[in-house]
1. Can you report the number of residues in region 249-278 which are over 21 Å from SER11 (Cα atoms) and open to solvent by 10 Å² or more (accessible area, probe 1.4 Å)?
2. Going through LEU132, LEU145 one at a time, which residue ends up being open to solvent by less than 20 Å² (accessible area, probe 1.4 Å), touching a residue at least 24 places away in the same chain (Cβ under 8 Å), touching a Cys at 6+ places or on another chain (Cβ under 6 Å) and not in a loop (DSSP other than H, G, I, E, B)?
3. Starting from region 63-77, keep only residues that are among the aromatic types (Phe, Trp, Tyr), then list their pairs with residues that are surrounded by fewer than 22 Cβ atoms within 10 Å (Cβ to Cβ) whose Cβ atoms are within a distance under 7 Å, requiring at least 6 positions of separation or different chains.
4. Take the conditions surrounded by 15 or more Cβ atoms within 10 Å (Cβ to Cβ), touching a Leu at 6+ places or on another chain (Cβ under 7 Å) and touching a residue at least 60 places away in the same chain (Cβ under 8 Å) and apply them to VAL291. Does it pass?
5. Which condition number does SER11 fail, the rest of (1) over 21 Å from GLN99 (Cβ atoms); (2) of a type in the set (Gly, Ala, Ser); (3) more than 20 Å from the chain's Cα centre (by Cα) being met?
6. Give PHE160, PHE219, PHE192 a once-over and let me know the one that is farther than 30 Å from ARG131 by Cβ, open to solvent by less than 40 Å² (accessible area, probe 1.4 Å) and touching a strand residue (DSSP E or B) at 6+ places or on another chain (Cβ under 8 Å).
7. Would it be correct to say that LEU281 is open to solvent by less than 50 Å² (accessible area, probe 1.4 Å), in a helix (DSSP H, G or I), aliphatic (A, V, I, L, M) and touching a strand residue (DSSP E or B) at 6+ places or on another chain (Cβ under 9 Å)?
8. Does ARG276 meet the test of being in contact (Cβ under 8 Å) with a residue 24 or more places away in the chain, within 25 Å of ALA168 (Cα to Cα) and assigned to a helix (DSSP H, G or I)?
Amino acid sequence: MSGLLLGAHMSISGGVSNALDAAAAVGSNAVQVFTKNNRQWGGPPPDPADAARWHEQMPALGIAYAVSHATYLINLASPKDPLWGRSIGGQKDELKRAQAYGIRHVVLHPGAHTGSGEEAGVARVSAALNRLHSELPECADTMTLLELTAGQGTTLGYSFGQLAQIIAGVEDSSRVGVCVDTCHALGAGYDFRTPEGYAAMMAEIEETIGIATVKCWHFNDSKNDLGTRKDRHTHIGEGFVGLEGFRPILNDLRWDGIGMLLETPKDNDGDGNDARNLAALVGLVEDASRVPAGLRAA
């Protein structure tokens, strides 16, 4: 698909499909959701009526891309067998839920090794993904997107090289992709805020995971500066990424057709903040024809 896919993470209050209405209300053509309560390991089975409404309303409302985000409880890097096993079960549930809604990408934080060491943690994540793929042949077209992290504590996935190591241990790499978060990238030490810095980050992506492996972006400004290894999101243009930091990404034609989703604070203002943040991003796009129709100035 040509053009930008821009949207935000939306609430699923009242039903997962309600997120589509919220996405359309702000003029976006992409959406991210949780497919259940993200603070719980499991939840009730997907509602067939809600899933049917999703399949019907997604094209009707002009939403061209959707991605789900797995619960933060999952830790596929854990050295502790009970948590590791439960995490595999948790991601299995996430993939099956996404499959029910026809959502082809599920974003997942790689996890934390909690003291076992990075090499052991990387191997643990790869092994978990292999087990998931073996046990879920019916979800072969639903991909896990490993998210680039800021690298807090013993968290893995703070470099494209390390994500490449995880993927290298996955037998069916076609079922794994990457999600790049701008707040996390800055915290991890990637200074993409200038054309030169962005080019350097892109060169590393090309040399490690490959550009085609990046299936989704999270657009978040950061409350913390370069290399701080901290993950605290803020509104576009109000943090250390800065408004201009998003310009190189938005105007890189290689990202046409790749989802770009806000995870910025709602601040009890709901969609008002999403509309404001999306407008800030759209203002940076040099070719207006690439902007989703619903976000173009009248």
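1. Adding up the residues that qualify gives 7.
2. Checking each option against the conditions leaves just LEU145.
3. TYR72/ASN38
4. For VAL291, the condition - surrounded by 15 or more Cβ atoms within 10 Å (Cβ to Cβ), touching a Leu at 6+ places or on another chain (Cβ under 7 Å) and touching a residue at least 60 places away in the same chain (Cβ under 8 Å) - is met.
5. For SER11, the exception is condition (3).
6. PHE219
7. yes
8. No: the conditions fail for ARG276.
The values are calculated or read from the model by the stated rules, or taken from the named source; none is laboratory data. Remember, it's a predicted structure, so these values are computed and weren't measured experimentally. Here Cβ is always computed from backbone atoms with ideal geometry, including for glycine, and neighbour counts include all displayed protein chains. The accessibility values were calculated without ligands, DNA or RNA, using every heavy atom of the protein model including side chains. Shrake-Rupley method; radii C 1.70, N 1.55, O 1.52, S 1.80 Å.
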